Each structure stands twice: as structure tokens, then as C-alpha cells.
1. Tell me, please, whether a residue that is among the aromatic types (Phe, Trp, Tyr) and surrounded by 15 or more Cβ atoms within 10 Å (Cβ to Cβ) can be found in the range 71-93.
2. Test each condition in (1) farther than 22 Å from residue 86 by Cβ; (2) modelled with pLDDT of 95 or more; (3) assigned to a helix (DSSP H, G or I) for residue 57 and report the one that comes out false.
3. Residue pairs, Cβ under 6 Å, 6 or more apart or interchain, first in the range 10-24 and more than 10 Å from residue 65 (Cα to Cα) and at pLDDT below 90, second open to solvent by 60 Å² or more (accessible area, probe 1.4 Å) and in a loop (DSSP other than H, G, I, E, B). List them.
4. Output the residues belonging to the range 13-39 that are loosely packed, with under 12 Cβ neighbours inside 10 Å and within 22 Å of residue 72 (Cα to Cα).
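The values are calculated or read from the model by the stated rules, or taken from the named source; none is laboratory data. None of the values given here were measured: they were computed from a predicted structure. Cβ coordinates were reconstructed from backbone atoms using ideal geometry, including for glycine residues, and neighbour counts include every protein chain displayed. Quick note on the areas: whole protein, heavy atoms, side chains included, nothing else; ligands and nucleic acids left out. Shrake-Rupley method; radii C 1.70, N 1.55, O 1.52, S 1.80 Å.
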Amino acid sequence: MPIVEFSVVPIGTESTSVSKYVVEAVKTLKKYGNLRFQVTPMGTVIEGNDLSKILEAILEAHEAVFKAGAQRVVTSIKIDDRRDRKETMEYKVKAVKEKI
């Protein structure tokens, strides 16, 4: 199951605050009911069965930041696509916490 972390950074905005842009990006993810996502302080993590759908959702989130008024957007993506067994966001966190 692919687990993907992404962040969108609007550049060329009137303020150093970016939350209004992040909100618009995250709103687009709600259209993808088959994807689970979690907003974190530094990005958003998405999991689902289809990597192409996840990337489609990220592209839509990227475009939403432009629609919200940003003149430039930098989007970073990290993909963990494990195919030998199904893992979730929660499993990955639990595995680390158990070892601490």
C-alpha cells in the first residue's frame, strides 16, 4: 500500500502565514473518498491502494494553492510504496513507538 507524504509551499503571497493555502489544498483531498489522509505540522500523509490516484489528488491540491492566489508553489513528495505487505500510517508509527 503506498503511503505518500507531501507538502505544498506557496510563494509570492501577501503574508508569511500559509494556513489559508494549506486549507485549500487539503479540501481537495476530501473528494477522494478512497484515500485516507492525515495533516501533520509539516505536511500531509496520504495512503491508498492506487498510487496514481494519490498523485492525482496531490496534483489537484497543488493547483488549489494557485487558485487560492499564490503566484508560485513548491510541492515536495515522498513515496513509500511497499508491496510485500500492507501497512498503514498508524502501523508505521506504532512500530517505531514500540521500539522507543
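1. The answer is no; no qualifying residue exists.
2. So the condition that residue 57 fails would be (1).
3. 12/71
4. 14, 15, 16, 17, 19
This table checks each residue for (1) hydroxyl-bearing (Ser, Thr, Tyr); (2) in contact (Cβ under 8 Å) with a residue 24 or more places away in the chain; (3) over 14 Å from residue 1 (Cα atoms).
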| position | (1), (2), (3) |
| --- | --- |
| 51 | no, yes, no |
| 62 | no, yes, yes |
| 66 | no, no, yes |
| 70 | no, yes, yes |
| 73 | no, yes, yes |
| 76 | yes, yes, yes |
| 82 | no, yes, no |
